[in-house]
Each structure stands twice: as structure tokens, then as C-alpha cells.
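Laboratory data are not the source of any read-out in this text; all were calculated from the coordinates shown. This is a predicted model, so every value here is computed, not measured. Reconstructed Cβ throughout: ideal geometry from the backbone, glycine too, with neighbour counts over all protein chains shown.
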Amino acid sequence: MSRKYKFREEEGIYFLSTSVVNWIDVFTRVEYKELLINTIAHCQREKGLIVYAYVIMSNHFHLLIGKENKGNNFSDIIRDLKKYSAMQLIKTILENPQESRKEWMIEKFKQAGKANTQNTQYQFWQQNNKPTQLLSNDRIKAAMDYIHQNPVKAGWVAEPEEYLYSSARNYTEKESRLKITSIYDGTII
């Protein structure tokens, strides 16, 4: 049974979380995080995805997103982001001679794929994203704080802006891996 990405409206700001199947810690390697960053950036350029905040954790990522009023809808954008990143990540894992967990991870992705009739071989991402539309400034601020505090709560950094794969850096004018749109004034930072 397919679980569609349920976006109630095509306008607005959404909080979205996506996790690797079995909560596998894939994003412990820089090359895997960079691949995901590049996929998100592609969706920004080509599909009209607007990213206001993000963080990439070891086995999931969070986004605070909107979209341009182009032909693409939220469901299609997220489907494409997950599909393309999954294919590229699995390919990169298979080709990475330094990946000591390769066989174990690929077996887990195969098992998840067999359990899902919509897959032909592997499943990388869990299907449930549960996008949440944020209808007030308080909820938007709470979601952005939650996103930026993830690496702090994980014990990786003392301050949110210290983590390279988070938009907290954008908001503090530090070098970041992904350009975003400021939630405050709509400028690219």
C-alpha cells in the first residue's frame, strides 16, 4: 500500500522529516551528506523547492520548506528528491571502497525493498514523511528551533551554528553547504 506524501495545500510552509529505513546511520560520511545536499539544491534550482531551514543528521533529515508557484507540486518534489537521492546513495555506498558497513547496509535496504511491493530492489528512505503545515509564526519558529537544535541535542556541537550541515549557519552568516531562503525576509542566504 502506497503512503502518499500528504500536503494539504500547495501553498504555505511545511515541516518535513525523512528517515533512512531501520534508522541506519548512513550520513556519518561526508560524501553521503554532500550527495543529499546536492540533491536538495537540484530540487531548489529545477523544481521550485524553497528551503527555509534544514539539518542532516546521521539517519534522517529535517526541512522547513515552501515552493514556488511553478508546475511542480510538493508531493512530486519530495518523491523525486527521495527517489533520486536513494538511487545515488545506494550506488555510492556500493562503490565506496572505504565503506566497512556496505554489505550490512545493502542487505537492510534489500530487506526493506522486498517488504514493499512498490520497490524493485532496494528501499532507502522510510515512506512516511508526515509533512506538517505550519500556520502560525510561533509554529514556524518552534520548527526552526527544533531543526537547528538537533545537532546540539545529539551532543555533536555546543551551538547550532557550529554544525556544517545545518541552516543555523546561514542565519548566523557563516559558510554553509546549502543556500537557503531566509524565513524573515525572503532573501537567499
Worksheet item: Put +1 on the Cβ of every Lys and Arg and -1 on every Asp and Glu Cβ in the chain; which of Leu94, Gln133, Asn69 then has its Cα farthest towards the positive end of the dipole?
Response: Leu94
Worksheet item: Once phi is turned into ³J(HN,Hα) by the Karplus curve 6.51 cos²θ - 1.76 cosθ + 1.60 with θ = phi - 60°, what whole-Hz value does each residue of region 161-175 show in order, with x for glycine and proline?
Response: 6, 7, 8, 5, 9, 8, 6, 4, 5, 4, 6, 10, 6, 9, 4
Fill in: the chain: angle of helix 74-95 to the longest principal axis, Cα-based, in degrees nearest 10
50
Practice prompt. Can you put Val20, Val51, Val30, Val157 in order of Cβ neighbours within 10 angstrom, beginning with the fewest?
Written response: Val30, Val157, Val51, Val20
Worksheet item: Under a plain spin-label model, where a point goes 7 Å from the Cα along Cα-to-Cβ, how far apart in nm are Glu9 and Val152?
Response: 3.1
Worksheet item: If you plug each phi of region 19-28 into the Karplus form 6.51 cos²θ - 1.76 cosθ + 1.60 with θ = phi - 60°, what whole-Hz ³J(HN,Hα) values come out, in order, with x for Gly and Pro?
Response: 10, 6, 3, 6, 6, 5, 6, 7, 7, 8
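To the nearest 0.05, how large is the calculated FRET efficiency for Glu46 and Lys91 if R₀ is 22 Å and r is the Cβ-Cβ distance?
E(calc), rounded to 0.05, equals 0.65.
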Discussion item. Starting from the Kirkwood Rh over alpha-carbon pairs, what translational D in µm² s⁻¹ does region 15-107 have by Stokes-Einstein at 37 °C and 0.692 mPa s?
Written reply: 237
Practice prompt. Calculate the spin-label point distance for Ile188 paired with Asn69, positioning each point 7 Å from the Cα along the beta-carbon direction, and give it in nanometres.
Written response: 2.1
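Can you sort Ile65, Ile188, Ile140, Ile40 by how many other beta carbons sit within 10 Å, fewest first?
With the fewest neighbours first, Ile65, Ile188, Ile140, Ile40 line up as Ile188, Ile140, Ile40, Ile65.
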Worksheet entry | Equivalent ellipsoid, the chain (semi-axes from 5 times Cα gyration tensor eigenvalues, Å) | 26, 21, 14
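Fewest first, what order do Ile77, Ile147, Ile106 take by the number of other Cβ atoms within 10 Å? Kindly include the intermediate steps, with their values, before the conclusion.
Details: Ile77 21, Ile147 24, Ile106 16.
Going from sparsest to densest Cβ surroundings: Ile106, Ile77, Ile147.
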Worksheet entry | Dipole magnitude of the chain, debye to nearest 20 (Cβ charges: Lys/Arg +1, Asp/Glu -1, about Cα centre) | 720
